[in-house]
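A.B. asks: Starting off with a structure, shown below.
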Amino acid sequence: MDYYSLSDTQIACVLGSSLEQLRLEQNITQQALATEIGITAKSYRQLILGGGKMENFIAALRALNALHHLENLIPTTPYSPIEQIKLRGKQRQRARAT
């Protein structure tokens, strides 16, 4: 899927649909999942439609034991030791007074 051709709202809807698919695969009701993460069923439905809070999305992933999917969303790419040394000298040490 070419996410660059989608709007932010469309991408949020895709993420919500993926969350809903995970819920269905685990055979958990919307109400049960919403209760477990501390939101209303209506708030959960907003979440799967691309709305809601990011914290609730993460809580739902946690409740579904699916936090590992975040690694695909934001992969951690370690710097090489040489690159870390090069960057260290360029790190900002102080804030400027205004």
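The values are calculated or read from the model by the stated rules, or taken from the named source; none is laboratory data. It should be emphasised that the depicted structure is a prediction, and the values quoted were computed from it without experimental measurement. Counting neighbours? That spans all protein chains shown, and the Cβs are built from the backbone with ideal geometry, glycine included. Only protein heavy atoms, including side chains, enter the accessible area calculation; ligands, DNA and RNA are left aside. Shrake-Rupley method; radii C 1.70, N 1.55, O 1.52, S 1.80 Å.
A.B. asks: Let me check against my output: what whole-number percent is the relative contact order of the chain, with C-alpha pairs under 8 Å and at least 6 apart? Each step should come with its number before you reach the end.
C.D. replies: Numbers: 57 pairs, mean separation 23.6, N = 98.
About 24 percent, as a whole number.
A.B. asks: Using a 1.4 angstrom probe, figure out how much accessible area the range 3-55 has per residue, in square angstrom, rounded to the nearest whole. Mind dumping the intermediate values first?
C.D. replies: On the way: 3610 Å² over 53 residues.
Roughly 68 Å² per residue, with all protein chains present.
A.B. asks: Next question, about the same structure. On the accessible surface of the chain, probed at 1.4 Å, how many percent belong to carbon and sulfur atoms? Intermediate results must be reported in sequence, preceding the final value.
C.D. replies: Numbers: 4340 of 7960 Å².
About 55 percent, which is the carbon plus sulfur part of the accessible surface.
A.B. asks: Among residues other than ALA66 whose Cβ falls under 10 Å from its Cβ, what is the net charge (Lys/Arg +1, Asp/Glu -1)?
C.D. replies: Numbers: positive: ARG23, ARG62; negative: GLU25.
Cβ neighbours under 10 Å give a net charge of +1.
A.B. asks: Oh, and also: Could you check the spin-label model distance between SER43 and VAL14? Points 7 Å from the Cα along Cα→Cβ, value in nm.
C.D. replies: Here the modelled spin labels are 2.7 nm apart.
A.B. asks: For the peptides 11-21, 25-35, 66-76, what is the packing order when you average, over each peptide's residues, the other Cβ atoms within 10 Å and list the highest mean first?
C.D. replies: The peptides rank, most packed first, as 11-21, 25-35, 66-76.
A.B. asks: Trypsin sites (Lys or Arg not before Pro), restricted to the range 1-85: which are DSSP loop and have at most 15 other Cβ atoms within 10 Å? Don't skip to the answer; put the middle values down first.
C.D. replies: Values: sites: ARG23, LYS42, ARG45, LYS53, ARG62; in loops: LYS53.
Of the trypsin sites (Lys or Arg not before Pro), the ones in loops of the range 1-85 whose Cβ has at most 15 other Cβ atoms within 10 Å are LYS53.
A.B. asks: Using only the C-alpha atoms of the chain, find the volume of their convex hull and express it per residue in Å³.
C.D. replies: Numbers: hull volume 19.1 nm³, N = 98.
Output value, Cα hull per residue: 195 Å³.
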